[in-house]
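Participant: Starting off with a structure, shown below.
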Amino acid sequence: MNQAKLKLREAISCYYDKDRSGVIPAGDIVEPTSIIIGGKIRVHWSGSKEGMGFVMVDQKKLESYADRI
């Protein structure tokens with residue numbers, strides 16, 4: 001899944017750090033990176049107002065909820 005832009009068909013939970021999370025809405029576009037930690041993959045999401053816009057999402061859910069664009 002790496003290096004491709006993905007459009008979400010369903011909303012997905014995202015994690016900023018161990019104590020804070022949010023939701024990426026259906027229809028938004030994310031760009032997966034090669035960083036995977038504990039079943040979560042780091043993605044760039046332009047809707048994030050944190051730092052450089054990177055968040056972690058569940059890798060299996062991302063594969064199920066998104067389509068390549």
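Participant: Considering only segment 21-62, state which residues are part of a loop (DSSP other than H, G, I, E, B), among the hydroxyl-bearing types (S, T, Y) and under 13 Å from L6 (Cα atoms).
Facilitator: Within segment 21-62, the subset part of a loop (DSSP other than H, G, I, E, B) is 25-28, 38-39, 46-53.
After this cut, where a residue has to be among the hydroxyl-bearing types (S, T, Y) as well, the list is 46, 48.
The one that is part of a loop (DSSP other than H, G, I, E, B), among the hydroxyl-bearing types (S, T, Y) and under 13 Å from L6 (Cα atoms): S46.
Participant: All but one of (1) open to solvent by less than 70 Å² (accessible area, probe 1.4 Å); (2) in contact with a Phe, Trp or Tyr (Cβ under 8 Å, 6 or more places away or on another chain) hold for Y65, so report the exception by its number.
Facilitator: If we test Y65 against (1) open to solvent by less than 70 Å² (accessible area, probe 1.4 Å); (2) in contact with a Phe, Trp or Tyr (Cβ under 8 Å, 6 or more places away or on another chain), just (2) comes out false.
Participant: R42: in contact (Cβ under 8 Å) with a residue 40 or more places away in the chain and either of a type in the set (K, R) or surrounded by fewer than 14 Cβ atoms within 10 Å (Cβ to Cβ) (or both), yes or no?
Facilitator: Details: in contact (Cβ under 8 Å) with a residue 40 or more places away in the chain: no; either of a type in the set (K, R) or surrounded by fewer than 14 Cβ atoms within 10 Å (Cβ to Cβ) (or both): yes.
Answer is no for this residue.
Participant: Next question. Name, by its number, the condition in (1) part of a strand (DSSP E or B); (2) exposed (fewer than 13 other Cβ atoms within 10 Å of the Cβ); (3) in contact (Cβ under 8 Å) with a residue 24 or more places away in the chain; (4) not aromatic (F, W, Y) that does not hold for S13.
Facilitator: (2)
The values are calculated or read from the model by the stated rules, or taken from the named source; none is laboratory data. Everything numeric here is computed off the predicted structure, so don't read it as measured data. Heads up, the Cβs are rebuilt from the backbone with ideal geometry, glycines too, and the neighbour counts pull from every protein chain shown. To get the accessible areas, we keep the full protein, side chains included, count just its heavy atoms, and leave off ligands, DNA and RNA. Shrake-Rupley method; radii C 1.70, N 1.55, O 1.52, S 1.80 Å.
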